[in-house]
1. Using only alpha carbons, build the gyration tensor for the chain and give me the equivalent ellipsoid semi-axes, biggest first, whole Å.
2. Pairs of Cα atoms under 8 Å, at least six residues apart: use those to get the relative contact order of the chain, whole percent.
3. If you roll a 1.4 Å probe over the range 4-146 with all protein chains in place, what percent of the accessible area is carbon or sulfur?
4. For the pair Val120 and Leu16, how long in nm is the line joining their label points, each one 7 Å along Cα→Cβ?
5. Heavy-atom accessible area per residue, the range 4-146, 1.4 Å probe: how many Å²?
6. So, with +1 on the Cβ of K and R and -1 on the Cβ of D and E, and no other charges, what is the size of the charge dipole of the chain about its Cα centre, to the nearest 20 debye?
7. Which value, in debye to the nearest 20, describes the size of the charge dipole of the range 53-125 about its Cα centre when Lys and Arg Cβ atoms bear +1, Asp and Glu Cβ atoms bear -1, and nothing else is charged?
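The values are calculated or read from the model by the stated rules, or taken from the named source; none is laboratory data. Small disclaimer: the values here were computed from a predicted structure and weren't measured. Note that each Cβ is placed from the backbone with ideal geometry, even for glycine, and that neighbours are counted across all protein chains shown. Accessible surface is based on the protein model in full, side chains and every heavy atom, while ligands, DNA and RNA are left aside. Shrake-Rupley method; radii C 1.70, N 1.55, O 1.52, S 1.80 Å.
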Amino acid sequence: KRTPAEKRFGIQIDSLSDLISFGVLPGMILYCQDRSLASAAAASLYVLCALVRLAYFNVMEEERQEQTDEARTCYMGLPVTTSAAILPAVYALKGWLGGGVIRMDLLALCAMALFFLLPVRVKKPHAAGKTWIALLGTAEFLLLAGSRWIFL
């Protein structure tokens, strides 16, 4: 059992770490690839939308916890942590298609930024869903580790 203050602290520290890991880092990776105005704009939009989504989630989660002790079953808006699955897939696809393609990474960040803020319900994964996510992550890692794109 945690105190109300400990619960609120946990919500805040979790969101701050998510902002750094799944908001700022992907934005920096995109920008550092070519340091263009388009990359700077897309990265900034992505980080700001991730920040707004996490702040909104914190407010909603505190209100939800005041009303019920039940576990959350779905998220409102795309969770920022999905970037850990989406972006490696985008970079792998970009690697397969070669350098002359449209900036899929830039478009993916902009699309995710939009979905962070859209009021779409995303079902929280249970055991089977978490297993599939872990398998996807492993496959993406192996795919990227076997290509030169993991180092770019």
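1. Taking √(5λ) for each Cα gyration eigenvalue gives 31, 18, 13 Å.
2. Averaging sequence separation for qualifying contacts and normalising by length gives 29 percent for the chain.
3. Taking all protein chains in place, the range 4-146 shows 71 percent carbon and sulfur surface.
4. The modelled label-to-label distance comes out at 3.1 nm.
5. Normalised by residue count, the accessible surface of the range 4-146 is 61 Å².
6. Computed charge dipole of the chain: roughly 240 debye.
7. With only Lys, Arg, Asp and Glu charged at Cβ, the dipole is about 440 debye.
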